[in-house]
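Take a look at the structure below.
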Amino acid sequence: MNYLVATLAALCLTQPALAEDLLKPETVPPPIDDSAASGSLEAEVTHRASGTLRAIYATHGSVTIALGPVAELKWPAMVMPFRIDARQLEGLAVGDAVEFEFTNGEMDPRIVTIRKQ
């Protein structure tokens, strides 16, 4: 009983915690290393594939490629879009056989290098 009374007295004598205080961190978080999050392609793992250019959308910065299987990703042969820098499209045309390296971003694969076969 004395324990209960002491606990209740302690609760009544302390200042109520404000919601604002609960949201403030007690320690300063370490600085974020944004070198990997800056969109740098060097920080991402690349994969190699080959295929045929089916469509080029230079104004949208994308291409559609019918590519062969990518064993390391356990992908079968398929046709899919890739983001690409417009400068990489020089000398390429629909129907060209190509070899390329790409990053497999979260539902956003991007070509790092591409060349005609």
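The values are calculated or read from the model by the stated rules, or taken from the named source; none is laboratory data. Source: prediction; values computed, not measured. Every residue, glycine among them, receives a Cβ derived from its backbone with ideal geometry; neighbour counts consider all protein chains shown.
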Test set (1) on the phi > 0 side of the Ramachandran plot; (2) at pLDDT 95 or above; (3) not acidic (D, E) - V63 fails condition number:
(1)
Condition (residue is among the hydroxyl-bearing types (S, T, Y) and at pLDDT 60 or above) applied to the range 40-48: is it met by at least one residue?
yes
Within the range 92-117, count every residue that is modelled with pLDDT of 95 or more and over 22 Å from the mean Cα position of the chain (by Cα).
10
Give the residues of the range 69-84 that are at pLDDT 95 or above and farther than 11 Å from A49 by Cβ, sorted by residue number.
P76, V79, P81, R83, I84
